[in-house]
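The structure under discussion appears below in the form of structure tokens.
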Amino acid sequence: MARRRRGEVEDEVEAEEQEQELDQESHGASLTFNEPLSWRAGKPIPTGELLRRLDALSNELREMDQEEIDKESFTKVAKELAGQNLLTHKDKGVRAFAACCLVDVLKLCAPDAPFTGSQLKDIFTLFITSILPALSDPSHAYNNQHKYVLVSLTEIKSIVLLTDIPNSEALTLHLFSSFFDIISGSSKSSTGEQIAKEVEYNMTQMLVILVDEAASLPPQVVDVIVAQFLRATSPNSGKGKHGEARAGDKQSTLLSKELPAAYNMAKTICNSCPEKMARYVSQYFNEVIMDVSATTSKPNGHRRMSDAADLEEDEAPAGPTESDLNELHKAHLLLRELWRASPSVLQNVIPQLEAELSAENVQLRLLATETLGDIISGIGAAGPPPPPPMDPAAYPPARLEDYPTSHISDSILTKPISPQSFSQTHPNVYHSFLGRKNDKSAVIRSGWTTAIGRVLVTSAGGIGLSREDEAALVKGLGEKLNDADERVRLSAVKAIGHFSFRDVMTKLGPNGGVSKSGSVLCSLADRARDRRHPVRVEGMTTLSRIWGVAAGEIAAGNETVIEALGAIPSKVIDAYYANDLELNVLLDHVMFEQLIPLNYPPGKTKGSKAANGDSQSQSQTNGDAPFNADKIRTERVLLVVKSLDAKSKKAFFAMQARQPVYSNVLHAFLKRCEEFNGGVMDEHAKEIKAKLDGVVKWLADLLPDPLRTTHELYKYAKLHDRRSYQLLRFAMGPENDFKTVYNAIKEFSKRIESAPGAPAGLLETLIPIVYRSASLVYNRSHLPVIMQYTRSDENGLGATAHEVMHEISERHPKIFKDNVKELCKILADQSPSSTKANDLGSVETLKALAAFAKNPNSSKEIPRDRKFISTLINFAQYGTPPKAAKYAVSILMAASDKKEMHAKDLLEKSMRDWEFGGDHFLTKLAAISQLTLLDHKITDEANDEILDITTQQLLLQVRTPAANDDPSWKSDADLDDECQAKCWALRILVNRLRVAEDRETAQKLAVPVYKLLNGLIVKEGELSKKNDTPKYHKSRLRLLAAQSMLKLCTNKLFDEFLSPVEFNRLAFVTQDSLMDVRKGFVQKLQKYLVKNKLSNRFYTIIFLTAFEPDQSLRNSIVTWIRSRAKVFHDQKSRALESVFARLISLLAHHPDFSLQPDELVDHARYLLYYITAVVSEENLPLVYKYAERVKQARDAIPSQHPENIYVLSDLATALIKKWQEKRGWIMQTWPVKVGLPIGLFAGLPSHEVAQEIAEKVYLPEPVEMDGLLDDLVRNADKKKSVKQKRRFDDRDDGSHPAKKHKSEPKHRTPKAPTVRKERTPKVKKTPAKPKKPRASGTLSTPATSPAERRKSGRSASARKSYADRDDSEDDEEMWEGVAQWEYLSGDQEGAAPNQKRPRETESEDEEDDGDLSSAPEEEEAAEEKEDVEMSDVEPEQTPESEPEPEPESKPDEAEEEEAEEEEPEPTPPRSNGKKVQPAKPSSKKTPSRAASSRVTKSKAKPSPAKAKAKAEAPVSRRTTRRRGAAAKEDSAVEGSE
């Protein structure tokens, strides 16, 4: 039965299926679902049943094929599905299944949906507001149904129906917003489950379809799309719920390593529909950008580019409101990101940016400039990539081959990416962008500079730059480094600060190194001395950091890096000469934080990973040797010193020489703080407070803000932190190794920062003092390594190590003493003999030991055993070169207990059978010379023999025949034995005179010596009657004679023996024909003047350098003169002013003096040289008074033309008046009487004669002279004017002077003169001469050149203000802190010249310190960069007067000889903290030395040929040289540096 029934049922089913197949064949497949889905009110279908029915319907619909269905069968179901009962059902499942059914119906019935318009709107409302947003929760119970709806709408493109629904903008906006929210993670489930990638893909595709198919998108939808690109600005975009970062996710830092999903979705939309999105984006930016720009742009879209229209930002046309600017800023951020994501959509927007570049409003132009710069660089809304790691303390140091080719950001958001080359895609816009380089607004130029820095760093977003484009951008960056506005210069420096080491070498290096005039790196070096403090802070720090990172390559000998960056330490240390307190503090910071970082090397544990690039092996730098931090650090110190030129090396040594002084003062300060006891004192409170005040004032005077420093030092004293006191003592103690010093400073810094009562800036104030006081560079840990380098010359640092060791021995004997025995042992091992020569390096060791032995306390540390004494005697007898004997004798006389016995023995051996050319004859001469100085009683016994050797056998003999092809000069290394022997002979004679103990003996010995020296000076080094001395012998001898004369005059007694006539002859050495002679003489003169060893009359000599043909030497002399002027100004001394009368006398007896107007104007140049440098509005009346005063006396020096002094007096007063008129100064009458030096001037015989002289005009051809003087003053001014116009163009040291010194014809032809007021000033007669401080000349004010306002009052009014403003700025810079010196006063020629010479007996080695003052070369850039760079003032090198510390003991007189040939070195600043160190001067034009004879030229301007023909050949030769120099620099006499 069952079997039959089952068979019947099967038959029935089969029949029904066949029937259905027949129906389908005729009408298509029909929907079999026949259950109701709607209900009447009040009788709902149970939810469970409803879900079952919808599930069944969904399954059936899913299986149906669109092409084989009966669409009419869907009518009922479609109506029920679109009913409100299902669409608004409260159950999520019902809505989800209903949605599935609806998308299937849409699919099956496509393209004709079986719904009305209102039903479609309800259906899509369900999709968009309920179903699709639910995709944000992947854990939703009906997530599969939600995904089915999404996939169906996307694949079948049913979503397009949304565009046919009327008023569907709100739904479209909701769809885009919800999708972006979902994919960005802001609507995820609490479980934090990620949305499936397929869901993201289908969402994106759905939006792409909508954008592509829609005729237009609502503006709000476009806003939503482009707003997604701003997600790139958020570090947390795309992260967990509410944007929090999730640990363990793909990113654990704030910056994402991949783009946000919503960003990618918007990017895909833009790239899939570029044409439509380009239109939409263009409309978007039209609304935001152009609406705002239109209100401020000119009608033609261009802004005027007139150079004259120099409107500042606040003078620009009224711009957009703050809210407009906020919108603009947002829009420009979007532009940056859109370029990275889809540049094609910006094809219509970029031209709008070009129009914005021409907007009158500065803010709009700035936005456009910055935006285009970032677009070209591929920088997005997240901003530029972080700066590359540039750690000067990294170890091993960076090497170029290991350096990454490009710095890759860890975050995709900040990684520069440019899909295409902007310059090729939009060439017109690119060139318009480049044109912003010369925008009238400094703000725009600053923004442009930052932008091109980024373009260079990112290589245009990774696309790369053509060679031409890169060169143009680098050139633009260099120009902006010299811009007139400090903001632009600062931006340029910061832009370079973001370059990696490789970028510096590959992009800036080819443009030229720091020494190449006009290069970017050279301009950057100039910014280290910028007038504006923020610029120079950034400039010096950036420059030093670059060198610190490059130190590894420099040490390895990479020539390319050395050529480009090797001179950086010199450029940085040169800033010491500016003598600016802020700059000195900055120099301290870069010295110990960039050049020689305190934490270098950081330690072995950090050595395996360099901070400047990829991992590097330690073996690169240190091989497989054990890690030796002391050696590594010492090598860096020596590398810095090796990189310095001669001038900056002196400054470096001067900085280190401050350490003992500062250390003593800081020790005193700590002691006073302990006594102060935090302000709680039982007794002697007033006395303790006064002592503390003294030390605090000393320290405060050396820092930029004395009031703040004083306040904070008292705050520190009140903290009374005893541990910090001890830490500072650890840092200063010479007995402590470097690790102890460094740890002490580190702990001290932490304590001060965390101290509860410490003010915020206390550490900032204390750190420079700590840096200057601590044993950081010269440390006991470094000295053994330095000694090792002196022996091994490893890495070519041997010579540098010798220099540093000598400095330590002389300046820091406490550090040196621990290694003295080892040095002595080294010397003993190298001891020479009659058959064995010593190592040449041992001379430097002897020199260092001799410097150490000068101090009586230090000499006790030198071994006195027989072996070492024997070693010294051997060096004194057989040492080579001869200086070895000199140093050995000095050590022997300081250390030996039996010095007399050894001296006698040594003298006897040296004199025995001495003959020229004998064994070690030069060494014996050197020993005799030093013995003569150190123990003259021994040598007195052999006077006759010594005189015979020095004069008869050496000085009066000529063994080397002269030849026509002889060079005029030879270096020390190339000098032949005869020349060396004559030099030693001359030293012996001078030393014999120097040690004379009484006046009578001195006078007796001085006659032949003075005669010899004067003869060498007058006869240009010739002693032979046959005139057969070789040229290079003569040049050496006359230089040594002139220097010896200066040395003798450091003694007051011998100074008196130098008559005015002889003084004049000596002065003319500054105009020697040879540069080496002029330079050597002037440097020695400067050294003695700075050390206050010469009387003030010697300052007169320096002004004969007015015609110095070597521009760099002349500029260094002018700078030195200014530094001295600052010293005297601060001391309220009138020494320089009183020199003016001496200068008039000297010029009156000059061999080139002539009354021809065009010859006399040359003498006017000397006077103008003085006036422009020394005269200020303050001292103008006094200088004028001295010029007038000359006409109230007669010439005391015998002369055929005694009226010459009156000619020059009239000439000087005329020049002073013209200078005063040009500067717009007011000259008051000087109320005090002034005197003239006896010996140069004498009283007039009667009142009538005086009246006659005063009323007579001595200037020849007054009208013609007036025109010539007008030209002279005007041309000098004009030159300065040119400088002012071009001062920001090419600011390097060397190029500007050349550019500016345009060869112009001499303004000799008198202009049709305007008849002017009488030249002769109506001089008030000054009664008797009061005593006046003795002149000691140096230029004081910079030779500023205001605009030419010479003759007409009209031009005066226009330009005077500019000139005055410029001058005052220069003067302010000039008068900033300079060391104080004690100079004697007194005008009388015969007055004691050096009554107050505290260091008269110092050793010459110490005098050499003074040469820092004589060192400033290349300071010419100071004036040329007037508004950009600070005026240069030489730092003084003498130790500052200290409040507490004991003064160092003075060396014996013998020490002076030791330093004779040593390079001069600077010493620390004086009590006011400002160091003024004269520069290495050089002689000026080369007037003849033939000298005492006066030459009056009858012709206006004899040609060189005629001059040669004259009888007095040297004079005419000098005159010719002077003419050439005058033609070259004509009107720049005033100090054209």
Go through (1) under 25 Å from residue 915 (Cα atoms); (2) open to solvent by 20 Å² or more (accessible area, probe 1.4 Å); (3) in a helix (DSSP H, G or I) one by one and return the number of the condition residue 958 breaks.
-> (3)
Scan the range 415-438 for residues that are surrounded by fewer than 21 Cβ atoms within 10 Å (Cβ to Cβ), part of a loop (DSSP other than H, G, I, E, B) and touching a residue at least 60 places away in the same chain (Cβ under 8 Å) and jot them down.
-> 417, 419, 420
Does the range 917-931 contain any residue that is free of Cβ contacts under 8 Å to residues at least 24 places away in the same chain and not basic (Lys, Arg)?
-> yes
Residues of the range 1093-1114 being assigned to a helix (DSSP H, G or I) and closer than 15 Å to residue 1060 by Cα, which ones?
-> 1096, 1097, 1098, 1099, 1100, 1101
Residues in the range 823-835 that are touching a helix residue (DSSP H, G or I) at 6+ places or on another chain (Cβ under 8 Å) and part of a loop (DSSP other than H, G, I, E, B): how many?
-> 5
Among the residues of the range 1219-1250, how many are in a helix (DSSP H, G or I) and over 27 Å from residue 1146 (Cβ atoms)?
-> 2
Is it true that some residue in the range 915-933 is open to solvent by 20 Å² or more (accessible area, probe 1.4 Å), within 24 Å of residue 898 (Cβ to Cβ) and either in contact with a Leu (Cβ under 7 Å, 6 or more places away or on another chain) or not acidic (Asp, Glu) (or both)?
-> yes
How many residues does the range 1026-1037 contain that are assigned to a helix (DSSP H, G or I) and either surrounded by fewer than 17 Cβ atoms within 10 Å (Cβ to Cβ) or touching a Phe, Trp or Tyr at 6+ places or on another chain (Cβ under 9 Å) (or both)?
-> 4
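This table checks each residue for (1) hydrophobic (A, V, I, L, M, F, W, C); (2) over 22 Å from residue 413 (Cβ atoms).
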| residue | (1), (2) |
| --- | --- |
| 153 | yes, yes |
| 168 | no, yes |
| 171 | yes, yes |
| 193 | no, yes |
| 197 | no, no |
| 204 | no, no |
| 212 | no, yes |
| 230 | yes, no |
Would you please name the residue that is most open to solvent (accessible area, probe 1.4 Å), looking only at residues in the range 675-705 that are farther than 21 Å from residue 586 by Cβ and in a loop (DSSP other than H, G, I, E, B)?
-> 682
List the helices (runs of 4 or more DSSP H) that sit entirely inside the range 105-188 and contain at least 2 residues that are touching a residue at least 12 places away in the same chain (Cβ under 8 Å) and farther than 25 Å from residue 230 by Cα.
-> 117-126, 143-155
Inside the range 1153-1178, can you point out the residues that are among the acidic types (Asp, Glu) and buried (at least 24 other Cβ atoms within 10 Å of the Cβ)?
-> 1162
For the range 189-220, how many residues are modelled with pLDDT under 85 and either of a type outside the set (Gly, Ala, Ser) or in a helix (DSSP H, G or I) (or both)?
-> 4
Give the number of residues within the range 1134-1191 that are touching a residue at least 40 places away in the same chain (Cβ under 8 Å) and either outside any helix (DSSP H, G or I) or not hydrophobic (A, V, I, L, M, F, W, C) (or both).
-> 34
Sole miss for residue 491 among (1) open to solvent by 10 Å² or more (accessible area, probe 1.4 Å); (2) out of contact with any helix residue (DSSP H, G or I) (no Cβ under 6 Å at 6 or more places or on another chain); (3) of a type in the set (S, T, N, Q) is condition (2)
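Residue-wise test of (1) touching a strand residue (DSSP E or B) at 6+ places or on another chain (Cβ under 6 Å); (2) in contact (Cβ under 8 Å) with a residue 12 or more places away in the chain; (3) closer than 22 Å to residue 1153 by Cα.
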residue: 1221; (1), (2), (3): no, yes, no
residue: 1227; (1), (2), (3): no, yes, no
residue: 1233; (1), (2), (3): no, yes, no
residue: 1238; (1), (2), (3): no, yes, no
residue: 1243; (1), (2), (3): no, yes, no
residue: 1251; (1), (2), (3): no, no, no
residue: 1260; (1), (2), (3): no, yes, yes
Residue check for residue 248: modelled with pLDDT under 85, open to solvent by 40 Å² or more (accessible area, probe 1.4 Å) and either assigned to a helix (DSSP H, G or I) or more than 26 Å from residue 328 (Cβ to Cβ) (or both) = yes
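Listed here are the residues, each with its yes/no results for (1) surrounded by fewer than 22 Cβ atoms within 10 Å (Cβ to Cβ); (2) over 23 Å from residue 728 (Cβ atoms); (3) modelled with pLDDT under 90.
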| site | (1), (2), (3) |
| --- | --- |
| 609 | yes, yes, yes |
| 614 | yes, yes, yes |
| 631 | yes, yes, no |
| 637 | no, no, no |
| 643 | no, yes, no |
| 660 | no, no, no |
| 666 | no, no, no |
Return the only residue of 1046, 1023, 1053 being crowded, with 19+ Cβ neighbours inside 10 Å, at negative phi and assigned to a helix (DSSP H, G or I).
-> 1046
Would you mind telling me which numbered condition in (1) within 52 Å of the chain's Cα centre (by Cα); (2) modelled with pLDDT of 85 or more residue 911 fails?
-> (1)
Within the range 712-735, is even one residue acidic (Asp, Glu) and touching a residue at least 60 places away in the same chain (Cβ under 8 Å)?
-> yes
Could you tell me whether any residue of the range 937-944 is among the hydroxyl-bearing types (Ser, Thr, Tyr) and crowded, with 24+ Cβ neighbours inside 10 Å?
-> yes
Qualifying position, being in a helix (DSSP H, G or I), on the phi < 0 side of the Ramachandran plot and in contact with a helix residue (DSSP H, G or I) (Cβ under 7 Å, 6 or more places away or on another chain), among 929, 968 | 929
Being within 34 Å of the chain's Cα centre (by Cα) and either open to solvent by less than 60 Å² (accessible area, probe 1.4 Å) or of a type in the set (Lys, Arg) (or both) narrows it down to one of 708, 672, so name that one.
-> 708
Looking for whichever is within 30 Å of residue 782 (Cα to Cα) and modelled with pLDDT of 85 or more here; the options are 853, 895, 888, 848. Which one fits?
-> 888
For residues that are charged (D, E, K, R) and touching a Phe, Trp or Tyr at 6+ places or on another chain (Cβ under 9 Å), tally how many sit in the range 1107-1149.
-> 7
Restricting the search to the range 958-983, which residues are more than 30 Å from residue 893 (Cα to Cα), without any contact (Cβ under 8 Å) to a residue 12 or more places away in the chain and not charged (D, E, K, R)?
-> 964, 971
Do any helices (runs of 4 or more DSSP H) entirely within the range 738-811 hold 2 or more residues that are over 27 Å from the mean Cα position of the chain (by Cα) and buried (at least 19 other Cβ atoms within 10 Å of the Cβ), and if so, which?
-> 738-754, 783-792, 798-811
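The values are calculated or read from the model by the stated rules, or taken from the named source; none is laboratory data. All of these numbers come straight from a predicted model, not from anything done at the bench. All Cβ positions, even for glycine, are placed from backbone atoms using ideal geometry, and neighbour counts span all protein chains on display. Please note that ligands, DNA and RNA were not included when accessible areas were found on the heavy atoms of the full protein model with its side chains. Shrake-Rupley method; radii C 1.70, N 1.55, O 1.52, S 1.80 Å.
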